[in-house]
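The values are calculated or read from the model by the stated rules, or taken from the named source; none is laboratory data. Since this is a predicted model, take the numbers as computed values, not measurements. For neighbour counting, all protein chains shown are included, and Cβ atoms are generated from backbone atoms with ideal geometry for every residue, glycine included.
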Amino acid sequence: MSEDLDFLIPTSTEASRAERSASAQRSKRAMAAIAASLPGLRVITPFMGANDSRQYAALIGYDTVVSPNPERIKVEVALREPLLAAPVNGEIRTLLLDPISGEPLVPPFRLRCIARREALAEKLRAALSRREVAIRDFYDVDHAVRELGLQPADADMIELVRQKLAVPGNAPVNVSPARLDALRQQLQAELRPVLRDVDFSRFDLDRALATVTDLALRVGVR
């Protein structure tokens, strides 16, 4: 579950600000042309760099027939670390179906993606160390364990998470009682409104907390 569109340009942790900025030029040109290339979309906040050009972001707006208010999509491009596994050609699908034909409104297409194990390791890193704790990370971890075969206690996964946590700029691992209490407050306010009843009922926050807390111990945090 994501709140935005996240992209990655694999970058050495030793890269200079100028090198990262140069790597982002193609993305800058694409974002500048998005309104002309995709009618119906408009740039609300221009594509700008932050954190010494380690991250770029833009806010895109569009009108929708299902809401009286314009909707927004945040597009983020990260240039803060290399990939640890070879990328894959994944298939992108939409959940939106044509109400008459029942077919997807946008045909599936192929896109270069982070390998699943690396993506899961990044999700585990987020649950362990995101500066502003987010219930969606814990939902995703619990779903991945139940439905995708994620095994956080697997030695290879633990090592992958350790490497992800070692990337400069990460916040420290935090599984403090205050952080866990904040998650309980987000359960009804932030998670329930964005899930179907059946999906919400399958989520067990205590189980997710136990998974993440156990992982913290396994990566060497006491």
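Name the single residue, out of those in segment 23-47 being surrounded by fewer than 13 Cβ atoms within 10 Å (Cβ to Cβ) and of a type in the set (A, V, I, L, M, F, W, C), that is nearest to LEU195 (Cα to Cα).
Applying the filter and picking the extreme gives LEU38.
Is it the case that some residue within segment 195-205 is closer than 14 Å to ASP142 by Cβ, hydroxyl-bearing (Ser, Thr, Tyr) and crowded, with 17+ Cβ neighbours inside 10 Å?
So the first thing to find is which residues in segment 195-205 are closer than 14 Å to ASP142 by Cβ, and the list is 195, 199-205.
Narrowing further to those that are hydroxyl-bearing (Ser, Thr, Tyr): 201.
Add one more test, that the residue is crowded, with 17+ Cβ neighbours inside 10 Å, and what stays is none.
No, segment 195-205 contains no residue that is closer than 14 Å to ASP142 by Cβ, hydroxyl-bearing (Ser, Thr, Tyr) and crowded, with 17+ Cβ neighbours inside 10 Å.
Within segment 166-222, the residues that satisfy the criterion of being β-branched (Val, Ile, Thr) and within 21 Å of PRO152 (Cβ to Cβ) are VAL167, VAL173, VAL175, THR211, VAL212, THR213, VAL219, VAL221.
The residue that is modelled with the lowest pLDDT, counting only those in segment 7-62 that are among the aromatic types (Phe, Trp, Tyr) and over 23 Å from ALA115 (Cα atoms), is TYR62.
The rows are residues; the columns are (1) touching a residue at least 40 places away in the same chain (Cβ under 8 Å); (2) within 28 Å of ASP140 (Cβ to Cβ).
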residue	(1), (2)
ILE9	yes, yes
ARG17	no, no
ALA35	no, no
ALA58	no, yes
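Test of understanding: among PRO152, PRO168, which residue is outside any helix (DSSP H, G or I), crowded, with 20+ Cβ neighbours inside 10 Å and not assigned by TED's automatic domain parsing to the domain that holds ALA15? Of the residues listed, the single one that is outside any helix (DSSP H, G or I), crowded, with 20+ Cβ neighbours inside 10 Å and not assigned by TED's automatic domain parsing to the domain that holds ALA15 is PRO152. In segment 60-80, of all residues being touching a residue at least 12 places away in the same chain (Cβ under 8 Å) and among the acidic types (Asp, Glu), the one that is surrounded by the most Cβ atoms within 10 Å (Cβ to Cβ) corresponds to GLU76.
With farther than 21 Å from ARG54 by Cα and of a type outside the set (Asp, Glu) as the only criterion, which of LEU150, LEU165 stands out? After applying the criteria, what remains is LEU150. Residues of segment 61-85 that are among the aliphatic types (A, V, I, L, M) and outside any strand (DSSP E or B): VAL65, VAL66, LEU79, LEU83, LEU84, ALA85.
Name the single residue that is surrounded by the fewest Cβ atoms within 10 Å (Cβ to Cβ) among those in segment 86-144 being part of a helix (DSSP H, G or I) and more than 13 Å from the chain's Cα centre (by Cα). By that ranking, first place goes to ARG117. Restricting segment 44-80 to residues that are touching a strand residue (DSSP E or B) at 6+ places or on another chain (Cβ under 6 Å) and of a type in the set (Val, Ile, Thr), the residue that is farthest from ALA15 (Cα to Cα) is THR64.
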